[in-house]
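A.B. asks: Take this structure, written in structure tokens, and hold onto it; I'll ask about it next.
A short reminder: the numbers here are calculations on the coordinates, not readings from a lab. Just so it is clear, the model here is predicted, and its values are computed rather than measured. As a convention, Cβ positions derive from the backbone with ideal geometry for all residues, glycine included, and neighbour counts pool all protein chains shown.
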Amino acid sequence: MVAATLGAAYAQAGRGAEAMPLLMQAMEQSTVMERVDFHACCLLALGEVQLLAGRLEEAQARTEQVLSLARARQERGNEAYALRLLGDIAARREPLQRDQAEAHYHQAVALAETLGMRPLQAHCHRGLGTLYVAAGQLELARPGLTTAIALYRAMDMTFWLPETEAALAQVEGR
């Protein structure tokens, strides 16, 4: 449990090299101990690490596996996280897979709103905003970025504010 949590934290902090061995260890242990609840979390964190490392095909495969498992087990929270990660993956593709990313983000934010997962809502709105910036659709970017900023501030999630505010400043031409 500690390895999974620390690995996921390292993944979120962009410390993929440190996250990977911990997450692999946690996955092995969750399989041996038949702890399917940790298995999905480990797979999601591994998908994040692979995305950050630019290994999009591996990230996509792992995340689709989580989505399938989450839907089969009716784990709606993991489903929402997987949808957001699939949106992030599609948004980083060359060429940009705008429609797929947009659909994943919208599904994730709708589920997150239903479940009261406000941090995930904020991340989805940020994802939508940055997606629209990348697609050159600046007017569509503004609502997503402003919503993400408002949610981050309301929850005192200051880590993501500078990046999101910089994206909004780019949209507003500052």
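A.B. asks: Under a 10 Å cutoff between Cα atoms, tell me which one of R73, R84, R142 has the largest fluctuation in the Gaussian network model of the chain.
C.D. replies: Between R73, R84, R142, it is R73 that shows the largest mean-square fluctuation.
A.B. asks: Relative contact order, percent, of the chain when contacts are C-alpha pairs under 8 Å separated by at least 6 residues?
C.D. replies: 12 percent
A.B. asks: Here's another thing I want to ask about it. When the helix-only estimate is applied to the chain (DSSP H runs of n ≥ 4, each -39,500 (n - 2.57), divided by the residue count), what is the mean residue ellipticity at 222 nm, nearest 500 deg cm²/dmol?
C.D. replies: Theoretical 222 nm ellipticity from helices: -27000 deg cm²/dmol.
A.B. asks: Based on the Cβ-Cβ distance from L140 to R76, what FRET efficiency comes out when R0 is 35 Å, to the nearest 0.05?
C.D. replies: 0.80
A.B. asks: Further question on the same structure: Can you compute the charge dipole magnitude of the chain about its Cα centre, using +1 on each Lys and Arg Cβ and -1 on each Asp and Glu Cβ, nothing else charged? Give it in debye, rounded to the nearest 20.
C.D. replies: The dipole magnitude comes to about 160 debye.
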